[in-house]
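The values are calculated or read from the model by the stated rules, or taken from the named source; none is laboratory data. Remember, predicted model here, so these are calculated numbers, not experimental data. Glycine also receives a Cβ, built like all others from the backbone with ideal geometry; neighbour counts cover every protein chain displayed. Side chains are part of the model used for accessible areas, which takes the heavy atoms of the whole protein and leaves out ligands, DNA and RNA. Shrake-Rupley method; radii C 1.70, N 1.55, O 1.52, S 1.80 Å.
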Amino acid sequence: MTHTALVPRMAADALPPNGPVPSLTKRIVELLRVEKEDLVVDLYCRDLQFRQAHVLEGVRPCDQMIAPSPFGERLAFELITSGVRMVQMGTSTFGRYPMRYEKVLVRDGFSLFKGSLRRLLAGVLEQLDPAGRLLIVDSAPGSDTPLFAEGLRRWRRQHRSPHVIAELMDEAGFSTQVESADRMRRVSAAECYGWVESRYWPILETFHDAELERGLDELRARYGSQRTVEFTSRFDLVLGTKLEAAA
């Protein structure tokens, strides 16, 4: 069976070409040690997220599915267009065939719930080649993220520390390495408002329209007559390798 990594063209094209993701792809390639002919499994975890999305605080009944983030979509787009061979595979398909995988990437992986992540890690470890590598990567909230207070609070509550992810990977039998990457960004205030209006951050899917409007009013009051906004884009990465390979 052949699987193809699909990135929605409109979603990828709509993201800013000068965003922070292109500078992240090089480090991902380095950590996974991707060579020219290597195939990277882009592990698709939306089915795990769907089963437990209902426990998210304030989730809208009509939007229980956690939406793919523009960060994750852009990351896949950048990796594919840079020449990395990727195959997108759901968690159920991943464990269905007696295969060994060498390079596995989990985008938007820090929002997976504890039980789901434990099951995922156990399955990946079992089918990972002795010299294989698993990389979990996600964007992270920062103190200066251009979000209204309640949106930032919910994101921080949902997002997990990379060290918590690493502990779970250690428990599963991995040797781990934790990294964070920061990049300063300067964008127009209008662009920040547009991100909120379009629910650019997946956490904004948990807000009703009226709540989102109040959040926009809060942002407009915060930035006032400012034409540009400076903030730090942060990314967390946790690399896992098999203990016998690390030794």
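Below are the figures for this structure:
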| quantity | calculated |
| --- | --- |
| Residue in region 209-222 that is modelled with pLDDT under 95, of a type in the set (K, R) and open to solvent by 10 Å² or more (accessible area, probe 1.4 Å) present | no |
| Sole exception among (1) touching a Phe, Trp or Tyr at 6+ places or on another chain (Cβ under 8 Å); (2) surrounded by fewer than 19 Cβ atoms within 10 Å (Cβ to Cβ); (3) aliphatic (A, V, I, L, M) for I165, by number | (2) |
| Failed condition for A190, given (1) aliphatic (A, V, I, L, M); (2) within 30 Å of E126 (Cβ to Cβ); (3) open to solvent by 50 Å² or more (accessible area, probe 1.4 Å) | (2) |
| Flag for T145 being among the β-branched types (V, I, T), touching a residue at least 12 places away in the same chain (Cβ under 8 Å) and farther than 19 Å from T241 by Cβ | yes |
| Some residue of region 205-212 being closer than 30 Å to L120 by Cα and in contact with a Leu (Cβ under 8 Å, 6 or more places away or on another chain) | yes |
| Some residue of region 22-41 being modelled with pLDDT under 80 and within 20 Å of V137 (Cα to Cα) | yes |
| Unique match (being in contact with a helix residue (DSSP H, G or I) (Cβ under 7 Å, 6 or more places away or on another chain), open to solvent by less than 40 Å² (accessible area, probe 1.4 Å) and in a strand (DSSP E or B)) among L121, L135, L125, L117 | L135 |
| Pick from region 84-114, criterion of a type in the set (S, T, Y) and either touching a strand residue (DSSP E or B) at 6+ places or on another chain (Cβ under 6 Å) or outside any loop (DSSP other than H, G, I, E, B) (or both), ranking: modelled with the highest pLDDT | Y101 |
